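A.B. asks: Have a look at the structure that comes next, please.
The values are calculated or read from the model by the stated rules, or taken from the named source; none is laboratory data. Nothing here was measured: the structure is a model prediction, and the numbers come from that model. In this analysis, Cβ positions are derived from the backbone assuming ideal geometry, glycine residues included, and neighbour counts consider all displayed protein chains.
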Amino acid sequence: MSDAVIKCESVYKIFGENAEKMLQDANGNVDAKTFQENGCIVGVNNASFEVAKGEMLVVMGLSGSGKSTLLRCISRLTDATGGKIFIEGQDLLELNNKELIDLRRNKMGMVFQSFALLPHKTVVENIAFPLQIKGINTDDSISKAMDMVKLVGLDGRENYFPRELSGGQQQRVGIARSLAVEPDIWFLDEPFSALDPLIRKEMQDEFLRLQDKLQKTIMFITHDFDEALKLADRIAIMKDGIIEQLDTPAKIVLNPATEYVRKFTEEVPREKVLLIEDVMDQSTSDNLGDLRVSKDEIIENVAEKILTQEKTVGVIDSNNKIIGSINPTKIINTVFGGRKNGN
Amino acid sequence: MEFLKKNPKIFQWLFLLIIFFSLCFAIEVPETYKFIRGQAEFIKDPNQSTFVFAGKEVRYYAFDVFWRLPPLLGWLPIWINDSLFFLMNDWMPMEFWNEDTQEFKTRPLLLQISRNLTGFMTFIIELIREILLGGLETIVAFTSWDFIDANPWAELPGLPWTIVAAGATILSYKLSGKGLAIFAGLTMVYISIFGQWKPSMQTLSFILVAAPLSFIFGLGLGISAFKSKRVEKALYPILLVMQTMPQYAVLVPALVLFGVGDHAAVIITMIVAIPPMILLTLLGLRAIPPEVIEAGRMSGCNNWQLMFKVLIPTARRDILIGVNQVIMVCFSMAVISAFIGAKGLGFNLLLALNQLNIGLALEAGLCISLIAILLDKMSLAWANKQTDYFGNLSFFERNKNTIFFIGAFVIGIILAYVGTFLFKGTFNYLFEIPHNKGISTADFWNKGVDWIFDTFFVYIKAFNTWLIQEVLQPMRALYLRMPAVATIVLVVGAGYLIGGIRSALVVCGLTLFIALSPWWDRALVTTYMATFGVIISCLIGFTVGTLCFQSKSAAKFMLGVCDIFQTFPSFVYLIPVMMLFGITDTSVLIAVIVYATIPATRYTIEGLRSVPVGLHEAATMSGVNKFQRLTKIEFPLAFPHMMLGLNQTIVFALFMVIIGAFIGTEDLGQYILKALSDKNGAGIGLTLGICVAFIGLIFDNLIRTWVGKRKKHLGIA
């Protein structure tokens, strides 16, 4: 894939003395237990994946699963112990300090769980900070930062200090700061985890709105499976440093690769995740009703229409060509059936 | 037995005590033993034994090795001394250009460096002093005396006291608000009308030089310790020793290296004031959330930008608390430095105490205390002040403080000028009130002291005699009765029981150093005085702290009192006790008790406060009454923190015992005081200081190790 913006090849991160030597000896077969007995902790274990331009990859895992470590390897806040990481074809681990700083100043932005705002700077100064670090003069950087303030809807509060803002507002500042240099790659490390559920939902919607507009290449870390389903183009589920499964939300829900992943999917409301395409029959019988639904619809949105039909419903693609069919029974099975503790 | 089985620790401790006491009884007091009052090193008593090590002859009174270890380290002070002399006078002679004689002169390198350094320091101190008080020296430094003779107008005029007072008030207002501003104004007026202006400004100029320099070096070293583990490891032991080293003792080597006077005092003050700055810088930088650092990195900061635009501003508060510490240490050093000839308030205080003019001493002491409180409050207010956005304010509002100050400046000058007409032929009171021309209440106080003595002398004397004869003398005798070996076994055993083999080794090393120095007896006396003070202080502090804790406002008030008392330089405490108890051990001990009660009280309140609210509520819901809550919940949980208070109490007590030598005690402090006036005292003074520091560190190690384990055990680490 030539348009892969981020590309990881067997990335390892192992904490502890002699980590590098132990990794070499292990010969690509890293067992967390053996390492732990020798005083090393495996953070990321053989992670390989690509993120395409404009794609949003959500890395999901519980605490200690290595998801944040993986993100820090890719932003090179920590150096990976082994493997290769390419950012737009450049070998990240080969960059010297100056090149790395250049990369961060122009191509990367990052949002943090605890907001990580500078307490001594106002909202607009915080947002202008990366620009000023780059060497842009004060007036230009402030006016650019003001655009960002408007983008995240904080107008009128640009002269507040972080201590005077609510959590949601602080994270808006964090988002604006990370976007100030107009990066191509956007890292978000559990950006909404520290927020109340209502604010979190609001921020997720806001985030989707922004992404719709900006089309960044995104790595988004979360421990919330629902959040992952809601936002992701693709999800990587991590456990003990290993990526257990990396796929689209629908495929993960329909075909969990491991027992661990299945546990997450059990409680997921499928009608909210799956598209018609994911559950339709490929065969197109002649006995179709008049209703047509698009293959890209989420089940929830069209379920009522389909369920009121007596006949099988035709599924069309974007060219209005019938490519499959779906009947009400299928919908009922998808929504209510096939769950262990269902009904 | 059942009980002992359940508590193996108690059994071990009992066992240790049994060994200790049996050793004490087994080892007889040698018949020839007596407490050596004079300076045995300098008299040639035929009863003395000698040995030669590293080319130095050491004389000492030999006893049974179990009773007192021979002073195998006796050569150390002599060796330090000779090395210093060698370094200063003979090492690396080099040619230096001499401005005055216009020729090259051979001088040892270190001496030249020291002279240049002191010259530089003298210049800055003079400069600031003359800005405040006026004078010629600075101009002379750039020109010559001939120039001054030819141009009589060339003189720094000095600031009228009204301007300095207004400046202090405006600055206080800016930092904290009305309350502090009023306090600052009153303090300045008090200083001025009581004729303490000149010495106060001398002390202030001393601080204005020492504090910024200490800040810069401390910050720099703190940053490098934060960045490199190796630097931190190298600094750690020095920081540790400096924390428990009496400030007094550091003065002695300064004499040899830098001579007598303000410049030497400033340099030595920096050595004392830098460690707390390093510690607080480290603490502040460590406390920065890692995400903020990462945010800085992801914003594309290079190392320099990260440090100065992200880390230091984020750690601002801790760093400014460090500045507060630096200022307070500088101030207390400014007072003590009077011993090596620094001018200012300390000098006046020392003079007054030497003349037993309690009234004058009290006035100087009050002045010192007021300035100490003012400096403390101002620097704390600075640390706690949060920046406000000022972009939308008008020019006047943004700069009103500057404008006010300029106004005050002009008015002050006009007033001073008017004063020249008002006070023709006498002193210009609107410019500067000379030292002995202010109002003085000294006579009043002296009469008061006389009255106290006349009225209560009988009782005070009775109390004094009782305390000395019934309590202090026996206690002192008991301490001196301990054979050295028994003491070492006790201390090392305690170290082993508390912290295992590592702690035992550390403690053993520290104790052996003192035991092998020539001053074991003196160290015992120091310890006995400190122990006595600590016991009483802890009793008072823990009781007062617990009582105050029962009411929120009382606790707050008490902490405030502790804050204020802690800002006073330790030397000040000697004044009231001398006033009441004269020159006796009792005076020193009472000063020790007053001084050391501060941390005991503070830590008790803080410890009790730190018990989590959840636990309180849980206990209340289990139906405990107030007393049960105190004994079952609060004390056990607060105890580790209270023990840290004990640690501080010991350090405070040791400091005061050492300073108490000024009144005349027979402990390590007495020798330090002697060393101060001795040309060959540098080595002795330094070694003595290290001995005192080590006594403190032994307790420090034991207590800290215990507290660390206990906190881990309680899960509140």
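A.B. asks: Just to be sure before I move on: is B:Ala361 on the phi < 0 side of the Ramachandran plot, outside the structural domain of B:Val209 (by TED's automatic domain parsing) and among the aliphatic types (A, V, I, L, M) in the structure I sent?
C.D. replies: Working: on the phi < 0 side of the Ramachandran plot: yes; outside the structural domain of B:Val209 (by TED's automatic domain parsing): yes; among the aliphatic types (A, V, I, L, M): yes.
In short, yes.
A.B. asks: Also: Given the structure, is A:Ser143 more than 13 Å from chain B (Cβ to nearest Cβ) and surrounded by 16 or more Cβ atoms within 10 Å (Cβ to Cβ)?
C.D. replies: In short, no.
A.B. asks: Considering only residues that are away from every other protein chain (no Cβ under 12 Å) and either of a type in the set (A, V, I, L, M, F, W, C) or crowded, with 22+ Cβ neighbours inside 10 Å (or both), which ones fall in the stretch B:288-318? Explain how you work it out, then say what you get.
C.D. replies: Kept after step one, since they are away from every other protein chain (no Cβ under 12 Å), are these residues of the stretch B:288-318: B:307, B:318.
Result: B:Met307, single match.
A.B. asks: May I pose another question? Pick out, from the stretch B:125-223, the helices (runs of 4 or more DSSP H) lying fully within it that include 1 or more residues that are within 24 Å of B:Ile414 (Cα to Cα), outside the structural domain of B:Met277 (by TED's automatic domain parsing) and modelled with pLDDT of 85 or more.
C.D. replies: Ranges flagged: B:161-175, B:178-193.
A.B. asks: Which condition number in (1) closer than 30 Å to B:Phe53 by Cβ; (2) assigned to a helix (DSSP H, G or I); (3) not charged (D, E, K, R) is the one that B:Phe120 fails?
C.D. replies: The failed condition is (1).
A.B. asks: Looking only at residues in the stretch B:102-136 that are of a type in the set (D, E, K, R) and crowded, with 18+ Cβ neighbours inside 10 Å, which one is nearest to B:Phe85 (Cα to Cα)? Talk me through it step by step, then tell me what you get.
C.D. replies: Let us first name the residues in the stretch B:102-136 that are of a type in the set (D, E, K, R), namely B:103, B:105, B:107, B:115, B:126, B:129-130.
With crowded, with 18+ Cβ neighbours inside 10 Å added as a condition, the list becomes B:126, B:129-130.
Working: B:Glu126: 28, B:Arg129: 32, B:Glu130: 34 Å.
Among those residues, the one meeting the criterion is B:Glu126.
A.B. asks: Output the residue which, of all residues in the stretch A:174-211 that are assigned to a helix (DSSP H, G or I) and within 11 Å of chain B (Cβ to nearest Cβ), is nearest to A:Asp102 (Cα to Cα).
C.D. replies: Of everything passing the filter in the stretch A:174-211, A:Ser178 is nearest to A:Asp102 (Cα to Cα).
A.B. asks: Right, something else. I want to confirm something. Restricting to the stretch A:257-280 and keeping residues that are touching a strand residue (DSSP E or B) at 6+ places or on another chain (Cβ under 6 Å) and among the β-branched types (Val, Ile, Thr), which single residue is surrounded by the fewest Cβ atoms within 10 Å (Cβ to Cβ)?
C.D. replies: Ranking the candidates gives A:Thr258 first.
A.B. asks: Would you confirm whether any residue within the stretch B:363-380 is in contact (Cβ under 8 Å) with a residue 12 or more places away in the chain, outside any loop (DSSP other than H, G, I, E, B) and more than 20 Å from the chain's Cα centre (by Cα)?
C.D. replies: Looking through the stretch B:363-380, at least one residue is in contact (Cβ under 8 Å) with a residue 12 or more places away in the chain, outside any loop (DSSP other than H, G, I, E, B) and more than 20 Å from the chain's Cα centre (by Cα).
A.B. asks: If you scan the stretch A:87-104, which residues turn out to be over 19 Å from A:Leu71 (Cβ atoms) and within 9 Å of another protein chain (Cβ to nearest Cβ)?
C.D. replies: A:Asn97, A:Lys98, A:Asp102
A.B. asks: Where residues in the stretch A:121-130 are more than 9 Å from chain B (Cβ to nearest Cβ) and not β-branched (Val, Ile, Thr), which of them is farthest from the chain's Cα centre (by Cα)? So that I can check it myself, show each step before the final result.
C.D. replies: Here is the first cut: in the stretch A:121-130, the residues more than 9 Å from chain B (Cβ to nearest Cβ) are A:123-128.
Checking the rest, the ones that are also not β-branched (Val, Ile, Thr) come to A:125-126, A:128.
Values: A:Glu125: 28, A:Asn126: 25, A:Ala128: 26 Å.
Checking each candidate, the answer is A:Glu125.
A.B. asks: Look through B:Phe557, B:Phe565, B:Phe513 and report the one residue that is in contact (Cβ under 8 Å) with a residue 60 or more places away in the chain and either closer than 21 Å to B:Pro246 by Cβ or surrounded by fewer than 24 Cβ atoms within 10 Å (Cβ to Cβ) (or both).
C.D. replies: Result: B:Phe513 is the single residue among B:Phe557, B:Phe565, B:Phe513 that is in contact (Cβ under 8 Å) with a residue 60 or more places away in the chain and either closer than 21 Å to B:Pro246 by Cβ or surrounded by fewer than 24 Cβ atoms within 10 Å (Cβ to Cβ) (or both).
A.B. asks: Among residues belonging to the stretch B:51-66 that are in contact (Cβ under 8 Å) with a residue 60 or more places away in the chain and surrounded by 17 or more Cβ atoms within 10 Å (Cβ to Cβ), point out the one that is farthest from B:Tyr33 (Cα to Cα).
C.D. replies: Selected residue: B:Val58.
A.B. asks: Just checking, does the stretch B:278-286 include any residue being surrounded by 22 or more Cβ atoms within 10 Å (Cβ to Cβ), farther than 27 Å from B:Thr687 by Cβ, of a type in the set (Gly, Ala, Ser) and not assigned by TED's automatic domain parsing to the domain that holds B:Phe652?
C.D. replies: Looking through the stretch B:278-286, at least one residue is surrounded by 22 or more Cβ atoms within 10 Å (Cβ to Cβ), farther than 27 Å from B:Thr687 by Cβ, of a type in the set (Gly, Ala, Ser) and not assigned by TED's automatic domain parsing to the domain that holds B:Phe652.
A.B. asks: Against the condition buried (at least 24 other Cβ atoms within 10 Å of the Cβ) and part of a helix (DSSP H, G or I), how does B:Ile684 come out, does it pass? Break it down into steps so the answer makes sense when it comes.
C.D. replies: Numbers: buried (at least 24 other Cβ atoms within 10 Å of the Cβ): yes; part of a helix (DSSP H, G or I): yes.
Spelling it out, B:Ile684 is indeed buried (at least 24 other Cβ atoms within 10 Å of the Cβ) and part of a helix (DSSP H, G or I).
A.B. asks: In this structure, is A:Met110 facing chain B (nearest Cβ under 7 Å), within 30 Å of A:Ile87 (Cα to Cα) and crowded, with 21+ Cβ neighbours inside 10 Å?
C.D. replies: In short, yes.
A.B. asks: Further question on the same structure: Against the conditions (1) of a type outside the set (Ser, Thr, Tyr); (2) assigned to a helix (DSSP H, G or I); (3) surrounded by 22 or more Cβ atoms within 10 Å (Cβ to Cβ), where does A:Gly168 fall short? Just the number, please.
C.D. replies: (3)
A.B. asks: Is there a residue being closer than 24 Å to B:Ile663 by Cα, crowded, with 18+ Cβ neighbours inside 10 Å and modelled with pLDDT of 85 or more anywhere in the stretch B:623-634?
C.D. replies: In the first step, residues of the stretch B:623-634 are kept if they are closer than 24 Å to B:Ile663 by Cα; the result is none.
No, every residue in the stretch B:623-634 fails to be closer than 24 Å to B:Ile663 by Cα, crowded, with 18+ Cβ neighbours inside 10 Å and modelled with pLDDT of 85 or more.
A.B. asks: Any chance the stretch B:596-603 includes a residue that's modelled with pLDDT of 85 or more, in a helix (DSSP H, G or I), in the same structural domain as B:Phe568 (by TED's automatic domain parsing) and within 17 Å of B:Thr527 (Cβ to Cβ)?
C.D. replies: Checked against the condition, which is being modelled with pLDDT of 85 or more, in a helix (DSSP H, G or I), in the same structural domain as B:Phe568 (by TED's automatic domain parsing) and within 17 Å of B:Thr527 (Cβ to Cβ), the stretch B:596-603 yields at least one hit.
A.B. asks: Can I ask one more? Would you say A:Lys272 is at negative phi and either assigned by TED's automatic domain parsing to the domain that holds A:Met238 or in contact (Cβ under 8 Å) with a residue 40 or more places away in the chain (or both)?
C.D. replies: Here the answer is yes, as A:Lys272 does meet what is asked.
A.B. asks: Residues being small (Gly, Ala, Ser) and in contact with a helix residue (DSSP H, G or I) (Cβ under 8 Å, 6 or more places away or on another chain): count how many of those fall in the stretch A:27-60.
C.D. replies: Total meeting the criteria: 2.
A.B. asks: Confirm whether B:Ile80 is at pLDDT 85 or above, not assigned by TED's automatic domain parsing to the domain that holds B:Ile672 and not small (Gly, Ala, Ser).
C.D. replies: On the way: at pLDDT 85 or above: no; not assigned by TED's automatic domain parsing to the domain that holds B:Ile672: yes; not small (Gly, Ala, Ser): yes.
So B:Ile80 fails the test.
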